[in-house]
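Take a look at the structure set out below.
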Amino acid sequence: MRDAFKIELKRRGVAARTRAYHASRLDQCEHGPVVVIYPQGIWYGRVTPGDVPRIVEETILGGEIVGDLAIDETCLNNPASPHRRGPAGSS
């Protein structure tokens, strides 16, 4: 995923002022693969390499949230998140 972002950021001419980092653990496995856009703190879940151009275009360049990929704040770090497996959010 990081490589897809690096390629797209370079293609769009913004690689010099943006960074694509790899994090091994964001504790959001139920939403994975996960991408976080800083400094806005926008969390995207179930991201595929095919989503990268849209994230770069709409969020990084356009400042808009990609609604169908956004993880609701109430689901982040919430053991009762409906996206976790099992009863009452148990994994």
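Among the trypsin sites (Lys or Arg not before Pro) found in the stretch 1-44, those both in a DSSP coil and sparsely packed, with 15 or fewer other Cβ atoms within 10 Å of their Cβ, are Arg12, Arg19, Arg25. The H on the amide N of Ile65, modeled in the peptide plane, is under 5 Å from the matching H of no residue at least 5 residues off or on a different chain.
For the stretch 7-56, the C-alpha radius of gyration divided by 2.2 N^0.38 Å, with N the number of residues, is 1.17. Amide H contacts under 5 Å for Ile71: Trp43, Tyr44, Gly45, restricted to partners 5 or more places along the chain or on a different chain, H placed in the peptide plane at 1.01 Å from N. When the Cα positions of His22, Leu61, Pro33 are compared along the charge dipole of the chain, His22 comes out farthest toward the positive end, with charges on each C-beta of Lys, Arg, Asp and Glu. Between the residues Leu9, Ala70, Tyr44, the greatest Cα displacement towards the positive end of the dipole of the chain, with unit charges on the Cβ of Lys, Arg, Asp and Glu, is found for Leu9. Rounded to the nearest 20 debye, the dipole magnitude of the chain is 440 debye, with +1 charges on Lys and Arg beta carbons, -1 on Asp and Glu beta carbons, and the Cα centre as origin. Based on the Kirkwood approach, the hydrodynamic radius assigned to the chain is 13.9 Å, with every pair of different Cα atoms included. Rounded to the nearest Hz, the phi-derived 3J(HN,Hα) couplings of the stretch 55-68 under the Karplus curve 6.51 cos²θ - 1.76 cosθ + 1.60 (θ = phi - 60°) are 5, 5, 5, 7, 9, 5, 8, x, x, 9, 8, 7, x, 6, where x marks glycine and proline.
For the chain, the longest principal axis of the Cα atoms and the long axis of helix 2-11 meet at an angle of about 30 degrees.
Throughout, read-outs are computed from the coordinates displayed, never taken from laboratory work. Quantities reported herein were computed from a predicted structural model and do not represent experimental measurements. Cβ coordinates were reconstructed from backbone atoms using ideal geometry, including for glycine residues, and neighbour counts include every protein chain displayed.
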